[in-house]
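The values are calculated or read from the model by the stated rules, or taken from the named source; none is laboratory data. Worth saying up front: this structure is predicted, and the values here are computed from it rather than measured. In this analysis, Cβ positions are derived from the backbone assuming ideal geometry, glycine residues included, and neighbour counts consider all displayed protein chains. All accessible areas refer to the heavy atoms of the entire protein, side chains included, with ligands and DNA or RNA removed. Shrake-Rupley method; radii C 1.70, N 1.55, O 1.52, S 1.80 Å.
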Amino acid sequence: MQPPLPAPNPDTQEFWDGCRRHELRIQRCADCGTARFTPRPACPRCASLRFAWITCSGRARVHTWTVIHGPTLPAFADRTPYAAGVVRLDEGVFMVGQIRGCDPHAIHEGMRVAVEFDDVAPDVSLPHWRVA
Amino acid sequence: MSAVVVGVGRTRFARRAAVTETALAARAIAAALRDARLGPADVDGVVRFDRDALWEYDLPGALAMPALHFYNAVPFGPGSAPALLRMAAMAVTQNLATTVLCYHARHGGHRGTSARPIEAALVARRFGVTERDVANVTLAHRRAAARNSKALARRPLTIAARRRSPYVAEPLRRVDVAEPAIGACAFVVTRPDRARRPDPVRIVASMQAVVPTAASDWFAREPLDDVARAARAMFRAARLRPDDVDVACLNADASALVPLAGRAYRVTAPA
């Protein structure tokens, strides 16, 4: 069953287009250089409206995680229990996603993960994290 | 001038009930006005949550409140309930209204598909809230509920019984997460000289802090530091210290967030 699909808007379109190409695209402030996610019009550090899109390395470390048992949406029910969490990318931003590739109870803070993309619909891919 | 709370009302709470949010709100408002010994015509201000079904525009027709000179809607009820109190106190002390009604009615919620227990679990892990801490809060809630005839979950809970409850998102088990309920509350804030009860409760201070709604922003910023700063400012304004506090009502629909609120306010979580 298909998971809920994103609803891109003009702020987030570039991120979702990147996912479709299996690239992780985030914004970087053109004035102070601070990377930010989720996509937004202004820099959370200096409020500048000038920014550029960059492609992330896709490398990250586990910042926090949990093992989800449900009840969940039907699309996720057959995966439970599964691990999901927040990772800190090498570029400094935080993203959520499933954490895969090891026993959920072996996950620890600081663990190295790398992005992988699930192609969930013909033009939609979602990023998740695999233990590196 | 100060502001005082002079009446509190609530409906019965239930898991299932064939009643609209509008009717729930009307009942809680009537109870609060009765408790305050005031009538609908005494009310000239109202504050609600933006998600409430009964709007201030409905009140003149629905509840015989003819002239509302101040109205406001606060986001994110019921966790932001203190904001109702703050807006009402502001309206009264600034002479924008003399008697302000605050209410919230809720018919159920979204158990089962909510991301909130998961977000609470992620925050708990990051900030060192253990399963034992979570259990202490849930058991304390249930001890209090057992003494409260209006509570919904009044069956006592032991550590062993909690451990038999299935995990939702580790370390949170099903009993650690509030179930959606049906009910409404209302209260009335007015000027001390308008109070008809002999025991008005003075509002000595209030404070707000914004916390992000997105998990990715929770960790990019330090929202608990913002809450702690707001708590310090509130205590300063009240000329009180955290150890002067005998009763704290820390609203969180997942037990895991209560110890974090306790830390931010520097009040001890129940053990």
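Could you list, in sequence order, all residues of region A:47-70 that are of a type outside the set (Ser, Thr, Tyr) and within 14 Å of another protein chain (Cβ to nearest Cβ)? Let's see the steps before the verdict.
Initially, region A:47-70 is screened for residues of a type outside the set (Ser, Thr, Tyr), giving A:47, A:49-54, A:56, A:58-63, A:65, A:67-70.
Passing the criteria: A:CYS56, A:ALA60, A:ARG61, A:VAL62, A:HIS63, A:TRP65, A:VAL67, A:ILE68, A:HIS69, A:GLY70.
Just to be sure I understand the filter: pairs with C-beta atoms under 8 Å, separated by 6 or more residues or on different chains, first member in region A:21-47 and among the acidic types (Asp, Glu), second member open to solvent by 40 Å² or more (accessible area, probe 1.4 Å). Which pairs pass?
A:GLU23/A:THR55; A:ASP31/A:CYS46; A:ASP31/A:ARG50
Looking at region B:181-232 only, could you name the residues that are within 14 Å of chain A (Cβ to nearest Cβ), in contact (Cβ under 8 Å) with a residue 12 or more places away in the chain and open to solvent by 70 Å² or more (accessible area, probe 1.4 Å)? Working first, answer last.
Keep residues of region B:181-232 that are within 14 Å of chain A (Cβ to nearest Cβ), which gives B:210, B:212-224, B:226.
With in contact (Cβ under 8 Å) with a residue 12 or more places away in the chain added as a condition, the list becomes B:210, B:215, B:218-219, B:223-224, B:226.
Within region B:181-232, just B:VAL210 meets the criteria.
Taking A:ARG130 and the conditions (1) within 13 Å of the chain's Cα centre (by Cα); (2) open to solvent by less than 50 Å² (accessible area, probe 1.4 Å); (3) closer than 22 Å to A:LEU5 by Cα, which numbered condition does it fall short on, given that it satisfies the others?
Every listed condition holds for A:ARG130 apart from (2).
Does any residue of region B:78-89 turn out to be open to solvent by 30 Å² or more (accessible area, probe 1.4 Å) and assigned to a strand (DSSP E or B)?
no
Looking only at region A:11-39, which residues are within 14 Å of chain B (Cβ to nearest Cβ), open to solvent by less than 50 Å² (accessible area, probe 1.4 Å), in a loop (DSSP other than H, G, I, E, B) and more than 22 Å from A:ILE99 (Cβ to Cβ)?
A:THR12, A:THR34, A:PRO39
Tally the residues that are within 21 Å of the chain's Cα centre (by Cα), at pLDDT 90 or above, of a type in the set (A, V, I, L, M, F, W, C) and not in a helix (DSSP H, G or I), restricting the search to region B:92-127.
4
Just to be sure, is B:VAL168 crowded, with 22+ Cβ neighbours inside 10 Å and without any contact (Cβ under 8 Å) to a residue 60 or more places away in the chain? Don't jump to the end; show me each part of the working.
Numbers: crowded, with 22+ Cβ neighbours inside 10 Å: yes; without any contact (Cβ under 8 Å) to a residue 60 or more places away in the chain: yes.
It is true that B:VAL168 is crowded, with 22+ Cβ neighbours inside 10 Å and without any contact (Cβ under 8 Å) to a residue 60 or more places away in the chain.
Scan region A:57-74 and report the pairs whose first residue is small (Gly, Ala, Ser) and whose second residue is crowded, with 20+ Cβ neighbours inside 10 Å and not in a strand (DSSP E or B), with Cβ atoms within less than 7 Å and a gap of 6+ or a chain change.
What qualifies is A:GLY58/A:LEU24.
Looking only at residues in region B:39-62 that are part of a helix (DSSP H, G or I) and closer than 14 Å to B:ALA25 by Cβ, which one is most open to solvent (accessible area, probe 1.4 Å)?
Initial filter on region B:39-62 (part of a helix (DSSP H, G or I)): B:40-42, B:56-62.
Filter once more, so that each one left must be closer than 14 Å to B:ALA25 by Cβ: B:40, B:56-59, B:61-62.
Numbers: B:PRO40: 50, B:GLU56: 13, B:TYR57: 146, B:ASP58: 66, B:LEU59: 0, B:GLY61: 75, B:ALA62: 60 Å².
Among those that are part of a helix (DSSP H, G or I) and closer than 14 Å to B:ALA25 by Cβ, it is B:TYR57.
Of the conditions (1) among the acidic types (Asp, Glu); (2) within 11 Å of chain B (Cβ to nearest Cβ); (3) not in a loop (DSSP other than H, G, I, E, B), A:GLU116 clears all except one; give me its number.
(2)
From (1) more than 13 Å from chain B (Cβ to nearest Cβ); (2) at negative phi, pick out the condition that doesn't hold for A:PRO44.
Of the numbered conditions (1) more than 13 Å from chain B (Cβ to nearest Cβ); (2) at negative phi, the odd one out for A:PRO44 is (1).
Within region B:131-148, is there a residue that is open to solvent by less than 50 Å² (accessible area, probe 1.4 Å) and in a loop (DSSP other than H, G, I, E, B)?
no
Going by the conditions given, is A:ARG100 surrounded by fewer than 19 Cβ atoms within 10 Å (Cβ to Cβ) and more than 30 Å from B:VAL168 (Cβ to Cβ)?
Values: surrounded by fewer than 19 Cβ atoms within 10 Å (Cβ to Cβ): yes; more than 30 Å from B:VAL168 (Cβ to Cβ): no.
The answer is no for A:ARG100.
Pick from region A:71-93 the residues that are open to solvent by less than 10 Å² (accessible area, probe 1.4 Å) and within 8 Å of chain B (Cβ to nearest Cβ): which of them is nearest to A:GLN27 (Cα to Cα)?
A:VAL93
Looking only at region B:171-180, filter to residues that are within 22 Å of the chain's Cα centre (by Cα) and in contact (Cβ under 8 Å) with a residue 40 or more places away in the chain; which one of those is farthest from the other protein chains (Cβ to nearest Cβ)? It would help to see each step written out before you state the result.
Going residue by residue through region B:171-180, those that are within 22 Å of the chain's Cα centre (by Cα) are B:172, B:174-180.
From what is left, the residues that are in contact (Cβ under 8 Å) with a residue 40 or more places away in the chain are B:172, B:176-180.
Working: B:LEU172: 8, B:ASP176: 12, B:VAL177: 11, B:ALA178: 15, B:GLU179: 12, B:PRO180: 13 Å.
Out of the qualifying residues, it is B:ALA178.
For B:GLY262, all conditions in the list (1) in a loop (DSSP other than H, G, I, E, B); (2) out of contact with any helix residue (DSSP H, G or I) (no Cβ under 8 Å at 6 or more places or on another chain); (3) more than 14 Å from chain A (Cβ to nearest Cβ) hold save one; what is the number of the exception?
Among (1) in a loop (DSSP other than H, G, I, E, B); (2) out of contact with any helix residue (DSSP H, G or I) (no Cβ under 8 Å at 6 or more places or on another chain); (3) more than 14 Å from chain A (Cβ to nearest Cβ), B:GLY262 violates only (1).
So, A:GLY110, is that one within 11 Å of another protein chain (Cβ to nearest Cβ), within 22 Å of B:PHE219 (Cα to Cα) and not in a strand (DSSP E or B) or not? Walk me through it before giving the result.
Values: within 11 Å of another protein chain (Cβ to nearest Cβ): no; within 22 Å of B:PHE219 (Cα to Cα): yes; not in a strand (DSSP E or B): yes.
Answer is no for this residue.
Within 27 Å of B:ALA230 (Cβ to Cβ) and out of contact with any Ser or Thr (no Cβ under 9 Å at 6 or more places or on another chain): which single residue out of B:ARG116, B:ARG132, B:ARG155 fits that description?
Values: B:ARG132 fails: within 27 Å of B:ALA230 (Cβ to Cβ); B:ARG155 fails: within 27 Å of B:ALA230 (Cβ to Cβ).
Testing whether each residue is within 27 Å of B:ALA230 (Cβ to Cβ) and out of contact with any Ser or Thr (no Cβ under 9 Å at 6 or more places or on another chain) leaves just B:ARG116.
Report yes if B:ALA161 is open to solvent by less than 50 Å² (accessible area, probe 1.4 Å), assigned to a helix (DSSP H, G or I), more than 14 Å from every other protein chain (Cβ to nearest Cβ) and free of Cβ contacts under 8 Å to residues at least 24 places away in the same chain, otherwise no. Please lay out each step first, then the result.
On the way: open to solvent by less than 50 Å² (accessible area, probe 1.4 Å): yes; assigned to a helix (DSSP H, G or I): yes; more than 14 Å from every other protein chain (Cβ to nearest Cβ): yes; free of Cβ contacts under 8 Å to residues at least 24 places away in the same chain: yes.
When the stated conditions are applied, B:ALA161 passes them.
Would you mind telling me which numbered condition in (1) among the aliphatic types (A, V, I, L, M); (2) touching a helix residue (DSSP H, G or I) at 6+ places or on another chain (Cβ under 6 Å); (3) surrounded by 13 or more Cβ atoms within 10 Å (Cβ to Cβ); (4) in a loop (DSSP other than H, G, I, E, B) A:ALA42 fails?
Every listed condition holds for A:ALA42 apart from (2).
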